[in-house]
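A.B. asks: Structure in structure tokens, see below.
The values are calculated or read from the model by the stated rules, or taken from the named source; none is laboratory data. This is a predicted model, so every value here is computed, not measured. Glycine gets a Cβ as well: all are built from the backbone with ideal geometry, and neighbour counts include every protein chain shown. SASA here: full protein model, heavy atoms, side chains in, ligands and nucleic acids out. Shrake-Rupley method; radii C 1.70, N 1.55, O 1.52, S 1.80 Å.
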Amino acid sequence: MGTQALQGLFLLLLPLLPLRGASAVSLYSPGLSECFQVNGADYRGHQNHTGPRGAGRPCLFWDQTQQHSYSSSSDPQGRWGLGAHNFCRNPDGDVQPWCYVAETEEGIYWRYCDIPTCHMPGYLGCFVDSGAPPALSGPSGTSTKLTVQVCLRFCRMKGYQLAGVEAGYACFCGSESDLARGRLAPATDCDQICFGHPGQLCGGDGRLGIYEVSVGSCQGNWTAPQGVIYSPDFPDEYGPDRNCSWVLGPTGAALELTFRLFELADPRDRLELRDAASGSLLRTFDGSRPPPPGPLRLRAAVLLLTFSSDARGHAQGFALTYRGELGPGPPTPALFSVAAAAPTELCSGSGKRAPGIGTFPGSRGPRRSWAVWYRRPQGVALPCPPGDPQAEGPATGYQPLSASSQSSLRSLISAL
């Protein structure tokens, strides 16, 4: 079982287990992100210090910064999110959210904010690149016009799963096996501006900012239970004469979409939503008809999204999250409800106890064995019969989790 399947398992576990800070794993889930633009211009969270959890300098209130360029009076419509508060924001399109602070003796009166939850889904984190061996082992290149999407497009064309930007001008490609042995660095280490875009960060000195190449792709077939779809070329602006399509087919009788960003240039740039089975048009949105705020629920098991732009099209585009909604039916097994069941060991489908598993930390109650099965991109944990370490698979097509993956799962739970 590869890293991609494990990511699906981690996603299901994260809502059930307490988090102790940001990590690359936590960034896979759109539900754990407060930002969908690469520079955090859409951040509307409540961090009011330059560091997470009250660390760093306290921010000044935006309605008390009239002596500076940005204050609540300079944003009467609230477009930049300024107001009678002191939360971090990015009103000027800088590389990340920031705030004004009490002026220091050195004359410093503002600081960037380190916000762990303000990283767009598809960004996997800042990683150490010692160069021997390189953090991403695939092809590489440099460009004085480098942007995040330039690197993503390069690695996508080369057939790789991951793209990493470094030092503002370097691009590296790699696979999930590279990520498995990667070493995370503090998010603030990836602080160098992309040579091709003043509003984007492209890694740092000996630091790689790593992305999934699916970000900003022009087509795709999405079957994960939840995820994010970005407009083509995102986080750059989409270009002219684009014709793109995506198929959404998560398990469920309906789909819930939520538009996190929507900025199309004019009515000729259009996004259509169709029932993939019947071809019937469900919704149309364009530059003059944006989607409604809040969740949009569609009764379609499989959805086809098509986007087209005219010869003049240039705008930020869109970012939408989706999730499948199950209709009424028989109850399904709990998805990795580890904490509630308090298991003490895992068992494999072969009837032999998976090696190297041991007990879960903090477990209470009677000892109970569990078997973990998966069918990409989902998995279920089923209780074994008392006294019998063997459990039957939940349905055709599921496979027992391998011993090495069981060990990785145990390590994740121990870390949390």
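A.B. asks: Please compute the net charge surrounding GLY287, taking Lys and Arg as +1 and Asp and Glu as -1 over other residues with Cβ under 12 Å from its Cβ.
C.D. replies: So the surrounding residues net to -1.
A.B. asks: May I ask you to evaluate 6.51 cos²θ - 1.76 cosθ + 1.60, the Karplus curve with θ = phi - 60°, for each residue of segment 294-300 and list the ³J(HN,Hα) values in order in whole Hz, giving x for glycine and proline?
C.D. replies: Result, ordered by residue: x, x, 10, 9, 10, 7, 8 Hz.
A.B. asks: Could you go through segment 66-73 in sequence order and give the Karplus-derived ³J(HN,Hα) for each residue, using 6.51 cos²θ - 1.76 cosθ + 1.60 with θ = phi - 60°, rounded to whole Hz, and x for Gly and Pro?
C.D. replies: Residue by residue, segment 66-73 yields 5, 6, 9, 5, 10, 7, 4, 6 Hz.
A.B. asks: Suppose all protein chains stay in the model; what accessible area per residue would a 1.4 Å probe give for segment 95-136, in Å²?
C.D. replies: On a per-residue basis, segment 95-136 sits at 42 Å².
A.B. asks: Then there is this: So, with +1 on the Cβ of K and R and -1 on the Cβ of D and E, and no other charges, what is the size of the charge dipole of segment 143-258 about its Cα centre, to the nearest 20 debye?
C.D. replies: Roughly 260 debye, rounded to the nearest 20.
A.B. asks: OK, next. Which of the listed residues, SER74, SER130, GLN149, is farthest toward the dipole's positive end in segment 26-159, when Lys, Arg count +1 and Asp, Glu count -1 at the beta-carbon?
C.D. replies: GLN149
A.B. asks: Further question: Tell me, how many Å apart are the Cα centres for segment 264-317 and for segment 195-222?
C.D. replies: 24
A.B. asks: Could you go through segment 159-167 in sequence order and give the Karplus-derived ³J(HN,Hα) for each residue, using 6.51 cos²θ - 1.76 cosθ + 1.60 with θ = phi - 60°, rounded to whole Hz, and x for Gly and Pro?
C.D. replies: x, 9, 8, 10, 10, x, 10, 8, 6
A.B. asks: Using a 1.4 angstrom probe, figure out how much accessible area segment 143-254 has per residue, in square angstrom, rounded to the nearest whole.
C.D. replies: So segment 143-254 comes to 41 Å² accessible per residue, rounded to a whole number.
A.B. asks: Another question, if that's okay. Can you list the residues, at least 5 places off or on another chain, whose amide H is less than 5 Å from the amide H of GLY287, using H built in the peptide plane?
C.D. replies: ASP266, ARG268, ASP269
A.B. asks: Measure off, as a whole percent, the carbon and sulfur share of the 1.4 Å-probe accessible area of segment 26-168, all protein chains present.
C.D. replies: C and S atoms contribute 50 percent here.
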